[in-house]
1. How large, in Å, is chain A by the Kirkwood hydrodynamic radius built from its alpha-carbon pairs?
2. Out of A:G66, A:G155, A:G85, any idea which swings most in a Gaussian network model of chain A, alpha carbons joined below 10 Å?
3. Can you list the lysines whose alpha carbon is less than 23 Å from that of A:K358, not counting same-chain residues fewer than 8 positions off?
4. Using alpha carbons only, how many angstrom separate the centre of segment B:538-609 from the centre of segment A:66-104?
5. Compare each residue of segment B:29-71 in its chain alone against the assembly with all protein chains, and report those whose accessible area goes down by 40 Å² or more; 1.4 Å probe, heavy atoms.
6. Could you order the peptides B:498-504, A:87-93 from most to least packed, using the average number of other C-beta atoms within 10 Å per residue?
7. Residue-wise, which Karplus ³J(HN,Hα) couplings in Hz belong to segment A:221-231, taking 6.51 cos²θ - 1.76 cosθ + 1.60, θ = phi - 60°, and x for glycine or proline?
8. Report the accessible surface area buried between chains A and B, summing both sides, using a 1.4 Å probe on protein heavy atoms only, in Å² rounded to the nearest 100.
Amino acid sequence: MASISSSFGETDQVLVEEKSSAKIFTLNRPKQLNAASFQMVSRLLDLFLACEDDPSVKLIILKGKGRAFCAGGDVTAVVRDITQGNWRLGANFFGREFILNYVMATYSKPQVSILNGIVMGGGAGVSIHGRFRVATENSLFAMPETALGLFPDVGASYFLSRLPGFFGEYVGLIGAKLDGAEMLACGLATHFVPSEKLSLLEDALCKADSNDPAIISATISEFSLVPNLKERSHCHRLNVINKCFCRRTVEEIILALEREAADKEDEWISSTLQSLKKASPTSLKISLRLIREGRLQGIVKCLVREYGLVWTVMRGEINKDFFEGCRAILLDKDKNPKWEPSKLEQVTEDMVDRYFSKINDEDWEDLDLPRRSNIPPHAIAKL
Amino acid sequence: MEKVNFRTQILSGHLQNHRHATTATICASPCVSYVPPEVSEQPFSFDVASMRKLMDGHNLGDRDWLFNLMVQSELFNPRLRGGKVFVAPDYNQSMEQQREMTMKRIEYLLDRGVFKGWLTGKGPEAEMKKFALLEVIEIFDYALAIKIGVHFLLWGGAIQCFGTKRHHDEWLSATENYLIKGCFAMTELGHGSNVQGIETTATYEANTGEFVINTPFESAQKYWIGVAANHATHAVVFSQLNIDGNNQGVHTFITQIRDENGNIYPNIRIADCGHKIGLNGVDNGRIWFDNLHIPRENLLNSVADVSPDGKYLSAIKDPEQRFAAFLAPLTSGRVAIAVSAVYSAKISLAIAIRYALTRRAFSITANGPELLLLDYPSHQRRLLPLLAKTYAMSFAGNYLKLLYLKRSPQLIKTIHVVSSAFKATLTWHNLRTLQECREACGGQGMKTENRIGQLKGEYDAQPTFEGDNYVLMQQVSKALLAEYVAAKMRNKPFKELGLEHMNRSCPVIPAQLISSTLRNTQFQNDIFCLRERDLLNRFAAEVSQYRAQGESKESAFVVSYQVAEDLGKAFSDRAILQSAIEAENNVTDASLKIILGLLRSLYVLVMLEEDAAFLRYEYLSTDNAAAVRKEVAKLCSEIRPQALALVSSFGIPDAFLSPIAFDWVAANSWSAVEN
């Protein structure tokens, strides 16, 4: 077991409880909507690794304090580090975060994440890779990175690409906000439990005293229900989404959407187009390619590739959209980022290739994922 | 029964033994638990993504897009096995069901814009994209690729090559959008490779301005016509053109054989070729024509035309040349076939090698763990040379595609010769690889879900269609001889078909070959050139000897078949080696260069070991042959640690491999039966 009584403040960012054979970790930065800081991520990683070797632990429950589960990585801190010249610290943060994602994706014990609130970016990374994801009526999921000049990371190229049809492209490119019912419908959540029953669920899970995924699943099912999708749900649009978001390029996707819109006036299509036009053109192209390549590969390759991209983005040599996005959305909050290049057609195939090519940088180190030898088959394929 | 019990006891004792021997974790004995090769193997010595880029060569994003389209659609029959999703056709379906599924998949791909620009697109980029997408389709199912290939490359290619503007305007866009479905009616029951001998007739009637197409005898029925049995609405028909009782040779005509609802037209009879040993997703049919009248304009008239009053007009006066012009679309088909053979070999090797990196058999120490299959030198010798050949031929395929793109009147001969040689060599290599990989996977290779066995059936037509391999190789030898005769007669240097090496002095092979020489590119090139040069001299000598004895040119060729076959192989292997060397030379990354060098050496040395010609004609002494053999084993053991990286570089997504390539224990567990 890692020492809980560290003298730094970092332990407070994750609260740890132990109930019979279950460990309950609570993300504890409620004022920051539990944004994942370097300390929080490091702490979680230590805790997960320690619990894996601890035979007394059979189950891990992960939840957030306050109205968010986790609103994402603490990007403001990363940008601050980078603007102060410490871009390496930023890259370190992502590296640690991705290792945590990988450990969760290949974890030998069941992880139940209670998604009773905002789940965005890094928040998805610490939950979706786990075995069970419980949504509630308060859940709000999004991968909003393209609007920030980044791309869906934390292994999203793995889990988004495994959603039905081309829903993953849709969610990843436009940063669509999904509620709990939608998360369940598309497979991001494995269960939906009304929030009023969460404490009962927690007790039952602890009492179950089991590491058998079938038993855990049955236990959650006792409290779960299948909610109706709201009338204007994204999930009702799966046909159009498949038809348009399966296209080869971002330009063709937009063209397909515009063709759909030409047939009939449709608010959903115009807002989708709006989101695409507001996002960083470079981010859109990178994200599409990430999802397409990620769909054909395992979690390891997805994380390794995303890490390479993060590095390139942090270096800011090809473009600086990430910093501009953070400025406009998170710091100055003028919500008016000036992307460069500003148009999709200016982002050439060569530019995108550069993001994906082997990094020739003497500081570069590949993402050092821990070797995990006893991965059960169910641990790898969760979506 | 007693024997079975005894064996069970031995086995369970053996398993339990191991359980005690290993630590008390979830991990059971190494022979029953699956460890992914990514975990057990050493880190890769080179960048797999760069290698994939080199191998696939072009349109990687387009390829991945199409893989995505297939993986995400229920039409491609996704099944969950051992925690992973695999896509492959359901070969347990009836022939009719398989054909319908193939058609549905085509409609899906059409709807998603996959075929956009396949006939209306211009320039090398459009052609390369078409090749790339076709290769991806083949990786899923060869029948699907063939059905698409018939429509686009054969029917569409015929319209492009033999048609003129009026045909292009009428048919190309309609074909690309599948408003019509085309087939290519060339082969007959009585004539296949010998196209000039076909018996279908087209007779011009000046009074009506129409051609009348007829199947005069049963042997003239069109046979093996892909897409004809169920779906085709139109056919390019190869017929002997008769005008005023004169036969003008083989020409091509557009005929409509079905209406848009699929009803067969009057004066046409169509029958099914029936169930086949593979490619049952393709509806091969037979066609008879009974006084079918078609308008004069339906003659594809780029090579020759008939005026309304019945005058035969052709810019090409020589009937032989005129005929050769008609075979142009078969070249693109041959290019596609050669390349597809390499991808099929890649699939089977990726599966068999991944399996060999996770499956164990027999322990060679007391109580020690059983050995991985690929740690047996004998297993390495079975699979790794095929891997090295597949790499070399993959580069040869890329070279062939680029050569085809550059096609011009000057290059027609070269393209014909190289595409014939590569088509034969690569398709033979594939079938051999499939058989070896099937056996290397043991019983698991028998399961259809593991793909390799099924691929044997699906790809078995390759040495036959678009030209029988032996016939093609004879044409290669004949072309080489023609080049030889021309050079000697005019006393001019060789400058075509890669025969320039004949102008230099004859390479000398060292009396004693040592390891460093065997791995030397110059030596490797020399010995392949030496074989080709000597065999060409021998072939020329043998043919002229027969001629001197009064034999005709044709019969001299026929009786010299043994040297001719050796020569065809020598040409092909030399051209493959040179394309591999060129690819290697263009690589700057040192880690890639090292592994490519090892593969190239293994390729050459295995050819030296396997082709009896090297000993037969004494290019190698028996001592040197022994040195070669020793070096092959050494190279296998050097390549062994990179085997996983090398098959990972094929760029075939996991979903297109098979359960034994991954967690075959989970895929076969009882819980998988229950679900």
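1. Final number for the Kirkwood radius of chain A is 21.1 Å.
2. Most flexible of the set in this elastic network: A:G85.
3. Excluding near neighbours in sequence, the set is A:K285, A:K301, A:K320, B:K53, B:K593.
4. 58
5. Hits at the 40 Å² cut-off: B:V39, B:D64, B:W65, B:N68.
6. Ranking the peptides B:498-504, A:87-93 by packing returns A:87-93, B:498-504.
7. In residue order, the calculated couplings are 4, 4, 9, 9, 9, 9, x, 6, 6, 5, 4 Hz.
8. 2100
The values are calculated or read from the model by the stated rules, or taken from the named source; none is laboratory data. Since the model is a prediction, treat every value here as computed from it, not as a measurement. Positions of Cβ are generated from backbone atoms using ideal geometry, with glycine treated the same way; all protein chains shown enter the neighbour counts. These accessible areas exclude ligands, DNA and RNA; they are computed on the full protein's heavy atoms, side chains included. Shrake-Rupley method; radii C 1.70, N 1.55, O 1.52, S 1.80 Å.
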